[in-house]
Amino acid sequence: MTVKVYSTQSCIWCKRVKEYLTEKGVEFEPIDVGADREAAKQMVAKTGQMGVPVIDVDGRFIVGFDKAALDEALGLS
């Protein structure tokens, strides 16, 4: 399973998503769209979203810190 977290340094919800995934033992690739403009463009192109966090779980995109959707996508529910 591939998990990517598109986030920024100043986003508190991004931090909480990453903490939650770490607590659950889920490995993920953090992508700082504040520092990586190309990654930001890719995120917007894939999702139409400009806000963060955006979590990509094997091509399924979850916008915001939605525990229920995350647990379902990760098979934790």
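Only the coordinates and a few stated rules stand behind these numbers; no lab work does. For clarity, every value in this text was computed on a predicted model and none was experimentally measured. As a convention, Cβ positions derive from the backbone with ideal geometry for all residues, glycine included, and neighbour counts pool all protein chains shown.
Straight-line reach only, C-alpha to C-alpha below 17 angstrom: list the aspartates and glutamates that residue 18 could link to, leaving out same-chain residues fewer than 8 apart.
Cα-Cα hits under 17 Å: 27, 29, 32, 56, 58, 66, 71, 72.
Given bins 10 angstrom wide, list per bin the percent of all Cα-Cα distances in the chain, short to long.
With a bin width of 10 Å, the distribution comes to 20, 59, 20, 0.
In whole Hz, with x marking every Gly and Pro, tabulate ³J(HN,Hα) for the stretch 34-44 from phi via Karplus 6.51 cos²θ - 1.76 cosθ + 1.60, θ = phi - 60°.
x, 9, 10, 4, 5, 5, 4, 4, 5, 4, 5
To the nearest 20 Debye, how big is the dipole of the chain about its Cα centre, given +1 on the beta carbon of each Lys and Arg and -1 on that of each Asp and Glu? Please report the intermediate quantities before stating the final value.
Working: 10 positive and 12 negative charges, 43 e Å.
With only Lys, Arg, Asp and Glu charged at Cβ, the dipole is about 200 debye.
With the contact rule set at Cα under 8 Å and sequence spacing of 6 or more, what percent relative contact order holds for the stretch 25-77?
17
Could you name the lysines whose alpha carbon sits less than 17 Å from that of residue 46, not counting residues in the same chain fewer than 8 places away?
4
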